[in-house]
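Q: Got a structure for you, questions after.
The values are calculated or read from the model by the stated rules, or taken from the named source; none is laboratory data. Model, not experiment: these values are computed from the prediction. Here Cβ is always computed from backbone atoms with ideal geometry, including for glycine, and neighbour counts include all displayed protein chains. In case anyone asks, the SASA skips ligands and DNA or RNA and just uses the protein heavy atoms, side chains included. Shrake-Rupley method; radii C 1.70, N 1.55, O 1.52, S 1.80 Å.
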Amino acid sequence: LRDTKRDMNRITISPLKIPAVEFGSSKESKRGLICIQEWWGVNSGILAHAEKLSNDFDAYVVVPDLYKGKIGVDKEEASHLMNEMDFMNAAKEIGEVAKYMKETKNVEKVGTIGFCMGGALSLLGGCTSDDVDACVVFYGVPSGFDVEANVKKPVLANFGELDNLEGFSSKKDATELEEKLKKCPASGDCEVILYPGVGHAFMN
């Protein structure tokens, strides 16, 4: 694994004027990754994840700020910010970030990775954008998303066996997602992993 500290820069991605943070350089790596926030917002935790991903995989990583600078300092505020967010618009913004990475930064392949709320958006945003090549999900399934019809690219979904968030990331939700992925156009390139002995947010 690489242990070189990557440069962090704050950028704005047009034309939607999406604030974001980037790690690494597309001049050094043609691998691109969009790292999507938890319900807390773009805090030190998600930035640490992004920097580690950039280091470990020698990738150019962009973290879009879907809350536009707002941070949930407690669960009540984080829940409010998440519930106020337009998920389909956030998915569109993820697609715009992927387009920016390919057209402006000349990245060859772009993947999405997200945690909790970001896990659901990784699947939703990744699978509704032609510029995203693969999606990694950590404990989150988007509500109302037709997996069987819309997943046409590789998906790796990770869940905790003891996760009790029914309707979003529980063991039951993971199993249901796995069954749906078996029927999607990219079924041969999709996998759900259920980690024993851990609950929600086990990557924190």
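Q: Only residues that are open to solvent by 50 Å² or more (accessible area, probe 1.4 Å) and either among the polar types (S, T, N, Q) or in contact (Cβ under 8 Å) with a residue 40 or more places away in the chain (or both): list them for region 190-201, please.
A: His200
Q: Within region 102-149, which residues are of a type in the set (Gly, Ala, Ser) and out of contact with any helix residue (DSSP H, G or I) (no Cβ under 6 Å at 6 or more places or on another chain)? Please lay out each step first, then the result.
A: At the first step, the residues of region 102-149 found to be of a type in the set (Gly, Ala, Ser) are 111, 114, 118-120, 122, 125-126, 129, 134, 140, 143-144, 149.
Gly111, Gly118, Gly119, Ala120, Ser122, Gly126, Ala134, Ser143, Gly144, Ala149, listed by residue number.
Q: On to the next question. Quick check, is Lys182 out of contact with any helix residue (DSSP H, G or I) (no Cβ under 8 Å at 6 or more places or on another chain), of a type in the set (D, E, K, R) and free of Cβ contacts under 8 Å to residues at least 12 places away in the same chain? Steps first, please.
A: Numbers: out of contact with any helix residue (DSSP H, G or I) (no Cβ under 8 Å at 6 or more places or on another chain): yes; of a type in the set (D, E, K, R): yes; free of Cβ contacts under 8 Å to residues at least 12 places away in the same chain: yes.
So Lys182 passes the test.
Q: Scan region 6-54 for residues that are among the hydrophobic types (A, V, I, L, M, F, W, C), at pLDDT 95 or above and not in a strand (DSSP E or B) and jot them down.
A: Step one: filter region 6-54 for residues among the hydrophobic types (A, V, I, L, M, F, W, C), giving 8, 11, 13, 16, 18, 20-21, 23, 33-36, 39-40, 42, 46-48, 50, 53.
From what's left, at pLDDT 95 or above: 11, 13, 18, 20-21, 23, 33-36, 39-40, 42, 46-48, 50, 53.
Trp39, Trp40, Val42, Ile46, Leu47, Ala48, Ala50, Leu53, listed by residue number.
Q: It is to be established whether one or more residues within region 27-37 are at positive phi, of a type outside the set (Phe, Trp, Tyr) and more than 18 Å from the chain's Cα centre (by Cα).
A: no
Q: Since Glu77 meets every condition but one in (1) open to solvent by 40 Å² or more (accessible area, probe 1.4 Å); (2) in a loop (DSSP other than H, G, I, E, B); (3) without any contact (Cβ under 8 Å) to a residue 60 or more places away in the chain, which condition does it not meet?
A: (2)
Q: Would you pick out the residues in region 101-146 that are in a helix (DSSP H, G or I) and open to solvent by less than 40 Å² (accessible area, probe 1.4 Å)?
A: Result: Met101, Met117, Gly118, Gly119, Ala120, Leu121, Ser122, Leu123, Leu124, Gly125, Gly126, Cys127.
Q: Working carefully through the options Ala149, Ala91, Ala157, find the one that is over 17 Å from Leu33 (Cα atoms), hydrophobic (A, V, I, L, M, F, W, C) and without any contact (Cβ under 8 Å) to a residue 40 or more places away in the chain. Before you say what the answer is, go through the steps one by one.
A: Values: Ala91 fails: over 17 Å from Leu33 (Cα atoms); Ala157 fails: over 17 Å from Leu33 (Cα atoms).
Only one candidate qualifies: Ala149.
Q: Could you please find all residues in region 12-37 being open to solvent by less than 20 Å² (accessible area, probe 1.4 Å) and touching a Gly at 6+ places or on another chain (Cβ under 9 Å)?
A: Selection gives Ser26, Gly32, Ile34, Cys35, Ile36, Gln37.
Q: Ok, one more. Out of Leu66, Leu1, report the one residue that is more than 16 Å from Thr104 (Cβ to Cβ), assigned to a loop (DSSP other than H, G, I, E, B) and modelled with pLDDT under 95. Break it down stepwise before answering.
A: Values: Leu66 fails: modelled with pLDDT under 95.
It is Leu1.
Q: Considering only residues of region 163-189 that are in contact with a Lys or Arg (Cβ under 8 Å, 6 or more places away or on another chain) and not in a helix (DSSP H, G or I), which is nearest to Phe138 (Cα to Cα)? Step through it out loud before you land on a result.
A: Taking region 163-189 and keeping what is in contact with a Lys or Arg (Cβ under 8 Å, 6 or more places away or on another chain), we get 163, 166, 184-186, 189.
The next check asks that each one be not in a helix (DSSP H, G or I); those that pass are 163, 166, 184-186.
Numbers: Asp163: 12, Glu166: 15, Cys184: 19, Pro185: 21, Ala186: 19 Å.
Looking at residues that are in contact with a Lys or Arg (Cβ under 8 Å, 6 or more places away or on another chain) and not in a helix (DSSP H, G or I), I get Asp163.
Q: Condition test on Tyr139, is it out of contact with any Gly (no Cβ under 8 Å at 6 or more places or on another chain) and among the aromatic types (Phe, Trp, Tyr)?
A: On the way: out of contact with any Gly (no Cβ under 8 Å at 6 or more places or on another chain): no; among the aromatic types (Phe, Trp, Tyr): yes.
When the stated conditions are applied, Tyr139 does not pass them.
Q: Determine which member of the set Gly160, Gly167 is open to solvent by 20 Å² or more (accessible area, probe 1.4 Å) and over 13 Å from the mean Cα position of the chain (by Cα). Give the derivation first.
A: Values: Gly160 fails: open to solvent by 20 Å² or more (accessible area, probe 1.4 Å).
One residue alone meets the criteria, Gly167.
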